[in-house]
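The block underneath contains the structure these notes are about, expressed in structure tokens.
The values are calculated or read from the model by the stated rules, or taken from the named source; none is laboratory data. Fair warning: this is a prediction, and the values are worked out from it, not measured in the lab. When we count neighbours, we look across all protein chains shown, and the Cβ atoms used for this are built from the backbone with ideal geometry, even at glycine. The accessibility values were calculated without ligands, DNA or RNA, using every heavy atom of the protein model including side chains. Shrake-Rupley method; radii C 1.70, N 1.55, O 1.52, S 1.80 Å.
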Amino acid sequence: MKLHELSVAALGRGLREREFSSVEVTRAFLDRIAARNPALNAFITVTAGRALADAAAADARLARGEGRPLTGVPLAHKDIFCTDGILTTCGSRILGNFVAPYDATVVERLDAAGMVLLGKTNMDEFAMGSSNETSGYGPVRNPWDPGRVPGGSSGGSAAAVAAGLAPVATGTDTGGSIRQPAALTGLTGLKPTYGRVSRYGMIAFASSLDQGGVLAQSAVDAALVLAAMAGPDARDSTCIERPVPDYVAGLERPMRGLRIGIIREFFGPGLEPGTGAAVQAALGGFRTLGAELVEVSLPNLPLSVPTYYVVAPAEASSNLSRFDGVRFGHRCADPQDLRDLYERSRGEGFGAEVKRRIMTGTYVLSAGYYDAYYLKAQQVRSLINADFRRAFAAVDVLMGPTSPTPAFPLGAKVDDPITMYLNDIYTIGANLAGLPAISVPCGLVEGLPVGLQVIGPHFAEELLLAVAHAWQRETDWHQRRPPEPAGGTA
Ligand code: GLN
């Protein structure tokens, strides 16, 4: 296998056994990025010089026998994570000149684990989107079919890992932005429990929903990287004080007797038939492994899209008020007065979808409409939570599709926000309830990947990873790679 095809686990092992050096590995990925990124647009910033220097430092540690599981293994960060001294745009032109003065906790921890940063990945502007088409830096293309979207908002991270431009990448998931792009590009995408991973230095979209996580080639790789990212952080008061289990040690858990609830509401109209069939086949696979399958109803879950599209814009309208042209980011030319400075800086810096969310959010929080929209949405959010609580009294995990369709063509939904929002119909519930969820490749429909979603109770990451791993021991969907473009590259 070529270096860029190796898993995180295999790279870590090979580095410790000195089969190859971190500089060689890093160079292989930088070559892939140089060859493929112009067509895919997965990276906004490539940090080649720093990556090679960090790789050399990792090699020195490896030579001294100080290698740990991730020492010298490259990764990419979604451009929502602040990186000290490196451009951090959050996919927005308003932060087109923002060089972060500090590292996010996630960045700091993966750096401390010895990982080598290749660059910052493209994303929907402020993580608002399901197709990566709202980015201020152009859309990302899906390596499985460059005419299609990679999903969003962590689309750059997904495309980078799927095309072998990085062995693993971070993402964030506010309403599905790790799981949906993972599904659409054939990756394993884990959104941890709200509070499992620190949000410090992760640019805020909707603070009660945002959670950092990982897009990887397998459950093993996701377990390795999550173990290094997760855990309490004094700088984020919503990050839970709870020890991090050894996710890798927990992977080998038999599926016999596992109680799986199949979410009835996830198999209704709107689910593309090929996707439904692939997910059903996966469910059958778990039955063969000895799991017990029962149908479960979460009656309020169909309300999750309208609930989310009130709560998330409300929080976004508040979070994004800090981008005002005064403290950081884009400032308009020759402001006449303070109001003109605010209006033109924001008007020029934000894209259309972000403006739509700010307006929606401001509206639902306004004095006359707060009770009718925001308060009502919070009440429905409680009902959705209660549905999940009831379900988890009877089953260990819930399963269903991750996304209603495989990757759709670029441009197919951009002019119709409601249709775009419906992509999130199966993912948003877990965010509203703060639950961990994982998407695992479970088939191909006309050559495009499909994801199985597994949702667990709070802090069940270990179980979700074990379920994903059990499936990946039996199948090879996660090892399928998108076709290489004709002519070949590095
Ligand atoms: N697609 C959803 C949105 O546009 C979710 C995005 C996310 O998870 N960051 O808000």
Mind listing the long-range amide H neighbours of Arg196? Cut-off is under 5 Å, sequence gap 5 or more, other chains count too, H placed in the peptide plane at 1.01 Å from N.
Ile240
Taking only the alpha carbons of the range 162-204, what extent do you get along each of the three principal axes, in Å, biggest first?
29, 19, 16
Applying a 10 Å radius around every beta-carbon, put 82-91, 384-393, 436-445 in order of their mean neighbour count, most first.
436-445, 82-91, 384-393
Expressed in nm to one decimal, what extension gain is obtained for the pair Ala56 and Leu293 from 0.36 nm per residue of sequence separation less their Cα-Cα distance?
80.3 nm
Hey, got the dipole for the range 74-180? About the Cα centre, +1 on K and R Cβ, -1 on D and E Cβ, debye to the nearest 20?
220
What full-extension length gain, to one decimal in nm, is calculated for Arg473 and Gln336 as 0.36 nm per residue of separation minus the Cα-Cα distance?
42.9 nm
Report the one residue of Ser207, Leu303, Ser317 whose Cα lies farthest in the direction of the positive end of the charge dipole of the range 206-354 (charges on C-beta: Lys and Arg +1, Asp and Glu -1; origin at the Cα centre).
Leu303
Interatomic Cα distance distribution for the range 338-490, bins of 5 angstrom, percent:
2, 7, 11, 13, 15, 14, 13, 11, 7, 5, 3, 1, 0
Over what distance in Å are the Cα centres of the range 253-291 and the range 105-153 separated?
29
Taking amide H positions as placed 1.01 Å from N in the peptide plane, with prolines and chain starts having none, which residues 5 or more places from Ser403, or on another chain, fall under 5 Å of its amide H?
Gly451
Quick one: Karplus J couplings for the range 241-248, per residue in order, coefficients 6.51, -1.76, 1.60, θ = phi - 60°, nearest Hz, x for Gly and Pro?
6, 7, x, 8, x, 7, 4, 5
Computed over the chain, the ratio Rg/Rh where both radii use C-alpha atoms and Rh is Kirkwood
0.95
Quick one: 3J(HN,Hα) in Hz for the range 210-217, Karplus 6.51/-1.76/1.60 with θ = phi - 60°, rounded, Gly and Pro as x.
4, 8, x, x, 9, 10, 9, 7
How long are the semi-axes of the equivalent ellipsoid of the range 133-196, taking √(5λ) for every eigenvalue λ of the Cα gyration tensor, in whole Å from largest down?
19, 13, 10
In nm, to one decimal, how far is the Leu444 label point from the Glu484 one, both placed 7 Å along Cα→Cβ?
1.6
What is the extension gain from Lys376 to Thr419, computed as 0.36 nm multiplied by their sequence separation minus the C-alpha to C-alpha distance, in nm to one decimal?
13.2 nm
Can you tell me what share of the DSSP beta bridges in the chain is antiparallel? A percent to the nearest 5 is fine.
70
Could you give the size of the charge dipole of the range 318-454 about its Cα centre, using +1 on the Cβ of each K and R and -1 on the Cβ of each D and E, expressed in debye and rounded to the nearest 20?
360
Unit charges at the beta carbon, dipole of the chain: most positive-side option, Tyr102, Leu341, Pro409:
Tyr102
At 1.4 Å probe size, put Ile418, Ile178 in order of accessible surface, largest to smallest.
Ile418, Ile178
Sorted by chain and number, the residues with a modelled amide H under 5 Å from that of Arg259, at a separation of 5 or more or across chains, are Glu292, Asp396, Val397
Ordering Lys413, Lys355, Lys2, Lys120 by accessible area with a probe of 1.4 Å, largest first, what comes out?
Lys2, Lys355, Lys413, Lys120
Magnitude of the charge dipole, the chain, Cβ model with Lys/Arg +1 and Asp/Glu -1, debye to 20:
280
Take the alpha-carbon positions of the range 22-97, form their convex hull, and give its projected area averaged over all directions (one quarter of the hull surface) in nm².
5.7
Where chymotrypsin sites (Phe, Trp or Tyr not before Pro) fall in DSSP loop in the range 63-142, at most 16 other Cβ within 10 Å
Tyr102
Rounded to the angstrom and largest first, Cα extents along the principal axes for the range 245-356 equal 70, 39, 25
I'd like to compare 110-118, 374-382, 70-78, 158-166: which one has the highest average count of other Cβ atoms within 10 Å, and what's the full order after that?
158-166, 70-78, 110-118, 374-382
